[in-house]
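Novice: The following block contains the structure, expressed as structure tokens.
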Number of protein chains: 2
Amino acid sequence: MMAQRPRIRIDPASGVPAVRQIADSLRVLLVEGQLVPGTELPSVRRIAMELGVHFNTVAEAYRQLAAEGWLDLKHGRGAVVVARAVPAVNNRARTEDFRNRLRGMVAQMRSQGISADRIAAELRAMAKRVTRS
Amino acid sequence: MMAQRPRIRIDPASGVPAVRQIADSLRVLLVEGQLVPGTELPSVRRIAMELGVHFNTVAEAYRQLAAEGWLDLKHGRGAVVVARAVPAVNNRARTEDFRNRLRGMVAQMRSQGISADRIAAELRAMAKRVTRS
DNA sequence: GTACATTGTATATGTACACTATACAATGAT
DNA sequence: ATCATTGTATAGTGTACATATACAATGTAC
């Protein structure tokens, strides 16, 4: 199976560390099924080149995703997406945490001037997207 | 007007810095109108005591909110909520950013095992909550 | 099979941020 | 005036981020 070219992008001005941006971007693709088990990811140096960061930064992101069970890192051979048993625990604490973080994000957007209607529309669109994925 | 007691809480294990947790929590209350203009906030030392952090940490959060236009800090007198002219700019870039962050957060929750249905329900509930606030 | 290119790994260094400690300055009540 | 209370300013310490550089594992070319 050939190495895909996941279109990930990072924003240096966002304040969010590059490691987390990379891990977050890849996690989105993994969760949404755009990166399926068996796929070989590009090497850390290749992605680092494209993003303009050091390869160790990408390697750290890979390690985080490997720790979450998404990737299998093989020394000298690269990184492969693995079939992951998603924990089916519907933890109440995690849901609570999700709700709070969502509230925080919405508040931040409102504070920046995005209208309530616009935000609500985005939330509904995302809800629809999640259910059909 | 008496000083209210905003029920904010921080989670030391979340990895999110305390400063941001405090600022985020207060911003939620401000955006949602649970803290109205004219309200005197508790002193930085009082909140710091309740949260178990140093008062300078709370002071920094206050300064951030003051920079956003939510608070008026008065040396020796405390912090007061001010009437804030919310910028009405519906920036497209900001909306884009919001969408991406939302995707990332949803992916993280899915990765942690929360079901798609549960997430969708939370998103819809938040959408409803936003529109009526 | 040996050299070589390519891959992920490990360690060290500089920088930025978070958090705390401590001293300071402004305000209002006694 | 004195004092307690408030936010402010500066310095010190620890941790995370990012890079540089050397290392180890793998597969291929010859």
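Each reported figure results from applying straightforward, stated rules to the coordinates on display, with no laboratory input. This one's a predicted model, so the numbers in the text were calculated from it and none came from an experiment. Methodologically, a virtual Cβ is constructed for each residue, glycine included, from the backbone with ideal geometry; neighbour enumeration extends over all protein chains shown.
Novice: Once the label point is set 7 Å along the Cα-to-beta-carbon vector, what list of distances in nm do you get between residue B:82 and its counterparts in the other copies?
Specialist: Copy-to-copy label distances for residue B:82: 5.5 nm.
Novice: Nearest 500 deg cm²/dmol is fine: what mean residue ellipticity at 222 nm does chain A get from its DSSP H runs of n ≥ 4 alone, each adding -39,500 (n - 2.57), divided by its residue count?
Specialist: For chain A, the value works out to -17500 deg cm²/dmol.
Novice: Additional query: How many partner chain Cβ atoms sit within 10 Å of a residue's Cβ in peptide B:81-89, on average, as a whole number?
Specialist: Average neighbour count from other chains, rounded to a whole number: 2.
Novice: In nm, one decimal, shortest first: how far is the label point of residue A:15 (7 Å from Cα along Cα to beta carbon) from the matching points in the other copies?
Specialist: Here the equivalent label points are 1.9 nm apart from this one.
Novice: Sticking with this one: For chain B, which longest stretch is free of loop sites, where a loop site is one of the trypsin sites (Lys or Arg not before Pro) that DSSP puts outside H, G, I, E and B and that has at most 13 other Cβ atoms within 10 Å?
Specialist: Answer from the scan: B:10-76.
Novice: Principal axes first, then extents: for the Cα atoms of chain B, list largest minus smallest coordinate on each axis, whole Å, largest first.
Specialist: Principal extents (largest minus smallest coordinate, Cα): 49, 36, 25 Å.
Novice: Excluding residues fewer than 8 places away in the same chain, name every one of the lysines whose C-alpha is closer than 27 Å to that of residue A:128.
Specialist: B:128
Novice: Same structure, new question: At 7 Å along Cα-to-Cβ for each site, give me the label-to-label distance between residue B:63 and residue B:13 in nm.
Specialist: The modelled label-to-label distance comes out at 3.2 nm.
Novice: If eta is 1.567 mPa s and T is 4 °C, what Stokes-Einstein diffusion coefficient results for the stretch A:12-81, Kirkwood Rh from Cα pairs, in µm²/s?
Specialist: The Stokes-Einstein estimate is 106 µm²/s.
Novice: Can you list, shortest first in nanometers, how far residue B:38 lies from the same residue in the other copies, with each label 7 Å from Cα toward Cβ?
Specialist: Shortest to longest, the spacings are 6.8 nm.
Novice: Can I ask one more? Closest beta-carbon to the A-to-B rotation axis: which chain A residue owns it, and what is the separation in whole Å?
Specialist: Nearest to the symmetry axis by Cβ: A:123, 2.
Novice: Taking 41 Å as R0, compute the FRET efficiency from the Cβ-Cβ separation of residue B:132 and residue A:77 and round it to 0.05.
Specialist: With a Förster radius of 41 Å, E is 0.15.
Novice: Then there's this: Near residue A:74, which lysines are there with a Cα under 18 Å away, not counting those fewer than 8 places off in the same chain?
Specialist: Filter leaves no residues.
Novice: Right, another one. I want to check the label-to-label distance for residue A:93 and residue A:115. Put each point 7 Å from Cα in the C-beta direction and report it in nm to one decimal.
Specialist: Inter-label distance under the simple model: 4.1 nm.
Novice: For chain A, list the DSSP H helices whose alpha carbon atoms reach 15 Å or more along the long axis and whose average Kyte-Doolittle value is 0.0 or above?
Specialist: The answer, listed by residue number, is A:18-31, A:55-67.
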